[in-house]
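The values are calculated or read from the model by the stated rules, or taken from the named source; none is laboratory data. Predicted, not measured: the structure shown is a model, and the values here were computed from it. Here the Cβ positions follow ideal geometry from the backbone for every residue, glycine too, while neighbour counts run over all protein chains shown. For accessibility, only protein heavy atoms count, side chains too; no ligands or nucleic acids. Shrake-Rupley method; radii C 1.70, N 1.55, O 1.52, S 1.80 Å.
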Amino acid sequence: MSDKIFVFDTTLRDGEQVPGCQLNMHEKIELALALERLGVDIIEAGFPISSPGDFQSVLAVSKAVKESVVCGLTRAVKKDIDCAAEALQPARRKRIHTGIGASDMHIEHKFRCSREEILERAADATKYARNYVDDVEFYCEDAGRADHAFLARMVETVIAAGATVVNIPDTTGYCLPEQYAAIISYLMNNVPNIDKAILSVHCHNDLGLATANSLAGLYAGARQLECTINGIGERAGNTSMEEVVMAIRSHRQSLNLHTDIQVNQIYGMSKMVTRLMKMPVQPNKAIVGRNAFAHSSGIHQDGFLKNRENYEIINPHDVGISQSLILLTARSGKHALKHRLQKLGYMPTQEELLEIYDRFLVMADEQKEIFDDDLRTLMGEGADSSNQERQLELEELTVVCGKGKPATASVSINHNGKSFKAETTGNGPVDATIKAIDEVMKYEVKLEEYLIQAITEGSDDLGKAHIQISMDGAYYYGFGSDTDTIHATAKAYLDALSKV
Ligand code: KIV
Ligand code: ZN
């Protein structure tokens with residue numbers, strides 16, 4: 001039987017601390033319930049003393065969640081602990097997460113006191129929290145840079161005071177995997193009462209090592225993983241849940257560890273976090289990035305088509321992604337081209353394929369990506385309806401809006417050489433623009449994701465819009481950039497529609 005790793009999700013606390021990612025109470029409930037369905041053991045719902053809104057959110061999550069443990073963060077301060085206990089009161093299973101700095105850096109320059117005083121405060125806070133709940137987790141902040149012997153004393157002290165879980169955060173993301181593993185091993189071997197609690201890994205990603213460090217810590221004996229969905233969190237982020245969970249699953253024989261995460265919900269969960277926290281995932285992000293299962297070079301496509309496992313260590317279905325993608329670009333080979341042509345019903349002979357491939361390369365050098373309708377053109381089919389859909393251009397867009405009145409958008413779209421116009425109203429400039437385009441295109445698509453990002457920092461900078469739509473179970477992405485974000489949005493939407 002392999003060892004169970006408890007998954008402690010802190011998307012709603014460490015993740016939510018990121019500027020721009022703040023959630024309201026309803027969004028926190030929605031996410032918490034999804035985390036519970038995902039199989040998360042402990043949900044850190046917030047830091048109740050930090051604001052009245054966060055208090056209300058932790059209270060609401062405590063009422064809504066039934067199976068997972070709901071946890072609230074505090075400093076090692078009585079009023080924080082009182083506040084967390086009150087917010088967690090309705091929870092069926094609850095945990096208080098309290099703690100204090102463990103490194104000399106924090107002790108001297110943040111708390112400005114002695115090591116002995118820190119130990120006293122740590123023990124007092126733990127005992128105080130135990131008056132409210134049986135499940136108390138203690139965090140030794142900046143443990144990654146702490147003196148090992150002092151850290152061991154701190155862990156021993158808080159376990160003796162009643163802590164059931166001791167969190168060993170690499171708060172600044174400083175450690176190398178060997179160093180982090182060495183800390184956990186040292187504690188496992190030098191804390192006399194270590195059998196009375198479990199150690200938890202909590203790694204930040206400042207050196208891009210959070211996943212590696214977390215795995216190293218689990219391998220060295222920690223049994224709780226602290227993480228966030230998509231790795232969001234302070235600065236460079238926290239450990240990404242999907243990465244560690246899938247690494248454990250992919251190496252279950254050699255690691256002999258397991259989690260209770262329902263991995264087929266990972267992709268949906270990632271998209272929910274992106275949507276609610278307005279934080280796009282980089283395309284090459286492991287497991288959940290748009291390109292995580294996309295193959296574009298000829299050598300890889302050929303190998304993939306012979307056997308998926310030549311180039312994929314995870315089946316995308318396992319994490320809830322419907323299919324791998326073979327992108328046709330100027331780097332693609334004949335095998336991928338033939339495969340796609342066959343899917344479209346063409347059966348070229350080897351000789352025909354060679355000739356089509358030459359023309360394909362010329363077209364692919366001109367366009368970045370080749371779509372099915374382009375292939376039909378290559379195969380000599382006249383401009384059919386799907387062909388026309390590729391040629392969408394925003395000719396004009398005028399939006400009038402102001403606070404308290406509906407926005408009006410007028411668009412003119414060039415669709416295969418002809419201009420089509422529409423004018424509609426919406427509850428804001430984006431809504432009006434999308435509706436006006438829908439009026440022209442008449443597609444039954446669902447807007448799945450919409451993000452606007454400034455490419456650099458100035459107010460005169462280009463805005464980049466990222467849109468994902470779905471139709472009949474298939475997903476399409478579109479991008480657009482413009483100094484006017486509404487124009488960028490319209491371009492992104494048309495780009496996505498052109499791929500349907
Ligand atoms: O990174 C950290 O040290 C933390 C603690 C508050 C647990 O987030
Ligand atoms: Zn943290």
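Give me the orientation-averaged projected area of the Cα convex hull of region 6-277, in nm², one decimal.
On the way: hull surface 50.4 nm².
Averaging across all directions leaves 12.6 nm² for the Cα convex hull.
Relative contact order for the chain: what percent, with Cα pairs under 8 Å and sequence separation of 6 or more? If you can, show how the numbers build up before the last one.
Values: 1057 pairs, mean separation 45.0, N = 500.
It rounds to 9 percent for the chain.
Quick one, what does Rg over Rh come out to for region 70-169 if you take C-alpha atoms and the Kirkwood Rh?
Reported Rg/Rh (Cα atoms, Kirkwood Rh): 0.97.
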Query raised in the report: Which angle from 0 to 90°, rounded to the nearest 10, does the C-alpha axis of helix 78-88 make with the longest principal axis of the chain?
Result: 50
Query raised in the report: Rg to Rh for region 159-244: what is it, with Cα atoms only and Rh by Kirkwood?
Result: 0.98
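Please compute the contact order of region 294-384 in relative form: average sequence separation of alpha-carbon pairs under 8 Å and at least six residues apart, divided by the residue count, as a percent. Intermediate results must be reported in sequence, preceding the final value.
Values: 88 pairs, mean separation 26.1, N = 91.
Answer for region 294-384 is 29 percent.
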Query raised in the report: Exactly which chymotrypsin sites (Phe, Trp or Tyr not before Pro) in region 397-500 are in a DSSP loop and have at most 14 other Cβ atoms within 10 Å?
Result: TYR443
Report task. State which stretch of the chain is the longest one without any exposed GluC sites (Glu not before Pro), exposure meaning a DSSP loop state and at most 12 other Cβ atoms within 10 Å. Result -> 68-443
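As a test of the formula, what do you get for the chain when each DSSP H run with n ≥ 4 contributes -39,500 (n - 2.57) and the sum is divided by the residue count, at 222 nm and rounded to the nearest 500 deg cm²/dmol? Don't jump to the answer; show the numbers that get you there.
Details: 17 runs with 192 residues, N = 500.
Mean residue ellipticity at 222 nm (helix-derived): -11500 deg cm²/dmol.
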Query - Summed residue charge, Cβ within 9 Å of VAL65's Cβ, Lys/Arg positive, Asp/Glu negative - result: +2
Report summary line: region 1-133: spread of alpha-carbon positions along the three principal axes, whole Å, largest first, is 44, 43, 29
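Between beta-carbons, use under 12 Å as the cut-off and find the net charge around GLN89, counting Lys and Arg +1, Asp and Glu -1. Write out the running numbers ahead of the final one.
Numbers: positive: LYS63, ARG92, LYS94; negative: ASP82, GLU86.
Charge balance in the 12 Å sphere: +1.
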Report task. Given the peptides 9-15, 280-286, arrange them by the average over their residues of other C-beta atoms within 10 Å, most packed first. Result -> 9-15, 280-286
Query raised in the report: When the scattering of region 1-51 is computed by the Debye formula from its Cα atoms alone, each counted once and equally, what is log10 I(q)/I(0) at q = 0.26 Å⁻¹?
Result: -1.04
Query raised in the report: How big is region 212-303 by Rg and Dmax over its Cα atoms, in Å?
Result: 14.6, 43
Report summary line: For the chain, longest principal axis from Cα atoms; helix 115-130 axis from its Cα atoms; angle between them, nearest 10 degrees, is 80
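Semi-axes of the equivalent ellipsoid for region 228-358, please: Cα gyration tensor eigenvalues, times 5, square-rooted, ordered largest first, whole Å.
Numbers: eigenvalues 235, 59, 29 Å².
Ellipsoid half-lengths, sorted descending, are 34, 17, 12 Å.
Listed here are the pairs LYS278/LYS368; LYS403/LYS464; LYS343/LYS418; LYS94/LYS446; which of them are more than 29 Å apart at the Cα? Before the final figure, lay out each step's value.
Numbers: LYS278/LYS368 27 Å; LYS403/LYS464 24 Å; LYS343/LYS418 31 Å; LYS94/LYS446 38 Å.
Long pairs (Cα-Cα over 29 Å): LYS343/LYS418; LYS94/LYS446.
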Report summary line: Rg (one decimal) and Dmax (whole number) from the Cα set of the chain, in Å, equal 26.6, 82
Query - Residues of the chain: accessible area per residue with a 1.4 Å probe, Å² - result: 45
Report task. Compute from the Cα atoms of region 392-497 the Rg and the Dmax, the latter being the longest Cα-Cα distance, and quote both in angstrom. Result -> 13.4, 39
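GLU178 to LEU354: extension gain in nm, 0.36 nm per residue of separation minus the Cα-Cα distance?
Numbers: separation 176, 0.36 × 176 = 63.36 nm, distance 5.21 nm.
So the chain would gain 58.2 nm between GLU178 and LEU354.
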Query raised in the report: On the accessible surface of region 294-384, probed at 1.4 Å, how many percent belong to carbon and sulfur atoms?
Result: 49
**Report entry** Principal-axis tilt of helix 266-277 within the chain, Cα atoms, nearest 10 degrees
**Finding:** 90
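Mean separation of Cα pairs under 8 Å and 6+ residues apart, divided by the residue count of region 392-497: what relative contact order is that in percent? Mind showing how you got there, number by number?
Numbers: 248 pairs, mean separation 20.5, N = 106.
Dividing the mean separation by the residue count of region 392-497 yields 19 percent.
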Requested in this report: Using a 1.4 angstrom probe on heavy atoms only, work out the carbon and sulfur share of the accessible area of region 6-277 in %.
Outcome: 51
Query - DSSP bridge pairs, the chain: antiparallel proportion in percent, nearest 5 - result: 50
